[in-house]
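The values are calculated or read from the model by the stated rules, or taken from the named source; none is laboratory data. These numbers were taken from a predicted model, which means no experiment stands behind them. For neighbour counting, all protein chains shown are included, and Cβ atoms are generated from backbone atoms with ideal geometry for every residue, glycine included.
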Amino acid sequence: MIEQSQPILTLPNGRAVKPWLVLISVILGFFMSLLDATITNIALNNIQTNLKTDLTTVSWAINAYILTFAALMVTSGRLADQFGRKRLFMAGMVMFTLGSLLCALSPSIEFLIAFRVFQALGASVLEAVSLAIILSVFPKESRTAAIGIWGALAGAAAAIGPVVGGALLELGKGNLEWRWIFFVNIPFCALGLFMIARNVPEIRDQQAGRKIDFAGVITLVSGLVCLTLGFTQSTEWGWTSWGVLGLFAASIIFLVLFYFVEVRQKQPILNMSLFRVRSFSAACMVGIMFTIAFMGVSLVLTQYFIIERGNSPLEAAIAIIWMPIAAFVTAAGSGAAGDKFPPRLLVIIGMALVGVGLLSLCTLPIDASYLDTAWREIVIGLGVGLCFTSLPNIALSQVPPAKLGAGSGAYNTFQELGFVLGVAILVSLLSGQFKTNLTEAKNQAIVQVQATQNLPAEVKNSIIVGLEKSAATPESSNGAISADKNNPLSQQISGIYKKAAQDSFTFVWFAAAMFALFGIIPALFTSSVKGQAEFAHNLEDEPENVAAVA
């Protein structure tokens, strides 16, 4: 491996670059863009009521953001290498800020969905380019610590989005309400823009031409949109529906076309030789498995508290706070560990902790206390912190500096696809389990009513008719789980439904645990070098020339 010296970076008027100020500047926008990926979840019901729409339509306020976010990160990273990382990052922050304002002012659900797409255009740039900027300005000896903070905040932003959203809904009750989740971005992004303009140097790949690979952009974005749209619609249309199968088929066609377009390009949007770097390819595979498993906590555990425990969305969001706290503490302190232990070992330990923690959720008693869930969240959070920090370290450790934008964008795209897959797979499994288990619970409850002595026939018939009309969905189980403490029959029926709901969550947590544990396999093929590896000249025919432009 050939060691490459850190390029000398300067700011206007000859000022020296201060890496930690760069980190703070970049994180302001990056954190808000990730927060917005999950903050909207908690406000869906409020938006639905306020804008007078239905749940299927309002869910596109989330899907449109995720689709755009995932589809454009590779493109954003490559454009940053071509035209300058600082320039593109600032443009992305302006788009994200303006998009947030437009979302907050949306007069209808159609406008909100459209503005969420515009907001995600900027967000895709912020995530794809932030890590590339950080790696470019930090010297080798402090790079691991910087990545640790970046990873910690990435995990924290994704996990605390529902908590922040719930708090803003409470504070804004009766006065703009859901719109505050978008207004809150504006002051932070304005401060971030000022700090980036002052503290971040311009860096780009001098070997990269200014010609945009439009064929690559069109085929890649089309392929990723079809893929993510297929997964997001699978829960509504069904995995074997012609619509979903058609989207998956179109995705394969577009991505195959993308490959053939890129291998013939002199300046491709995605350098395919990146995937010949073993650590990069393996880390991308682990990233997908990790983020699918991660949704087993951030999404499914939240639903557990709402459905099984009868908590409000804000109470549910607060109940899962132990996981992001543990993740932040672990990730922030993993910089020193990264210098002493191979990142591969940290990832393996992290995935094992996530898997074991999810398996421990499968053993939750029906009458679980907050302490029962808290220690399990902490175990998972410890693993999440290690993975969020160590995976990007491994993925980009052998990517040449000039290709960091494209490499970071590609890695983050795989992670975002994991989030999309996690939502689609786990929600589909949860819905299927509820349908099966609640149908069985309904039959058991009817038998219980029929066997009850000293109950008038007309009362029995009335209860049975009510049970038969109930739908086998998570939403409908709330009422069945609620019991009248003074009515033994009501308590028995509630117990039957509660066990059915618990079994449904247990099955999904087990599935999420398997993704985490099987993710250990590709982790074994990642780099074993301690700390952040030196950048390597291991991409064929790729001369390195990273320029810092004052």
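What to note about this one:
- When the helices (runs of 4 or more DSSP H) confined to segment 29-83 are screened for residues that are of a type in the set (Lys, Arg), those reaching at least 1 such residues are found at 60-83.
- All conditions in (1) surrounded by 24 or more Cβ atoms within 10 Å (Cβ to Cβ); (2) free of Cβ contacts under 8 Å to residues at least 60 places away in the same chain hold for PHE118, with the sole exception of (1).
- Checking ILE394, ILE349 one by one, the residue that is of a type outside the set (Ser, Thr, Tyr), surrounded by fewer than 24 Cβ atoms within 10 Å (Cβ to Cβ) and either assigned to a helix (DSSP H, G or I) or not assigned by TED's automatic domain parsing to the domain that holds ALA293 (or both) is ILE349 and no other.
- Qualifying residue in segment 475-492 (condition: modelled with pLDDT of 75 or more and in contact with a Phe, Trp or Tyr (Cβ under 8 Å, 6 or more places away or on another chain)): no
- Pairs, first within 17 Å of PHE414 (Cβ to Cβ) and charged (D, E, K, R) in segment 265-279, second modelled with pLDDT of 80 or more and not in a helix (DSSP H, G or I), C-beta under 9 Å, six or more apart: ARG278/PHE525; ARG278/THR526
- Members of segment 53-70 found to be in contact with a Ser or Thr (Cβ under 6 Å, 6 or more places away or on another chain), of a type outside the set (A, V, I, L, M) and surrounded by 22 or more Cβ atoms within 10 Å (Cβ to Cβ), listed by number: PHE69
Conditions tested, residue by residue: (1) in contact with a helix residue (DSSP H, G or I) (Cβ under 7 Å, 6 or more places away or on another chain); (2) at pLDDT below 85.
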| site | (1), (2) |
| --- | --- |
| LEU191 | yes, no |
| PHE194 | no, no |
| GLU202 | yes, yes |
| ASP205 | yes, yes |
| ALA208 | yes, yes |
| ALA215 | yes, no |
| LEU220 | yes, yes |
| LEU224 | yes, yes |
| LEU227 | yes, yes |
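- Residue within segment 518-534 that is assigned by TED's automatic domain parsing to the domain that holds SER279, surrounded by fewer than 18 Cβ atoms within 10 Å (Cβ to Cβ) and at pLDDT below 55 present: yes
- Subset tally (residues that are part of a helix (DSSP H, G or I) and touching a Lys or Arg at 6+ places or on another chain (Cβ under 9 Å)) for segment 103-116: 3
- Residue match in segment 36-52 (condition: surrounded by 24 or more Cβ atoms within 10 Å (Cβ to Cβ), among the acidic types (Asp, Glu) and in contact with a strand residue (DSSP E or B) (Cβ under 8 Å, 6 or more places away or on another chain)): no
- Failed criterion for THR49 (all others in (1) at pLDDT 75 or above; (2) within 28 Å of LEU299 (Cα to Cα); (3) within 21 Å of the chain's Cα centre (by Cα) hold): (3)
- Selection over segment 375-391 of residues that are buried (at least 24 other Cβ atoms within 10 Å of the Cβ) and among the β-branched types (Val, Ile, Thr) gives a count of 3.
- Search result, residues across segment 103-118 that are under 12 Å from LYS52 (Cβ atoms) and hydroxyl-bearing (Ser, Thr, Tyr): SER108
- When segment 71-110 is limited to residues that are out of contact with any helix residue (DSSP H, G or I) (no Cβ under 7 Å at 6 or more places or on another chain) and not hydrophobic (A, V, I, L, M, F, W, C), the one that is surrounded by the fewest Cβ atoms within 10 Å (Cβ to Cβ) turns out to be PRO107.
- Hey, SER470 of a type outside the set (A, V, I, L, M), at pLDDT below 80, exposed (fewer than 15 other Cβ atoms within 10 Å of the Cβ) and closer than 19 Å to ASN437 by Cβ or not: no
- Selection count where residues are more than 25 Å from ALA406 (Cα to Cα) and of a type in the set (Ser, Thr, Tyr), scope segment 56-111: 6
- Any hit, segment 304-316, residues being assigned to a helix (DSSP H, G or I), within 25 Å of ILE394 (Cβ to Cβ) and small (Gly, Ala, Ser): no
- So GLY405, is it modelled with pLDDT under 80, loosely packed, with under 14 Cβ neighbours inside 10 Å and part of a helix (DSSP H, G or I): no
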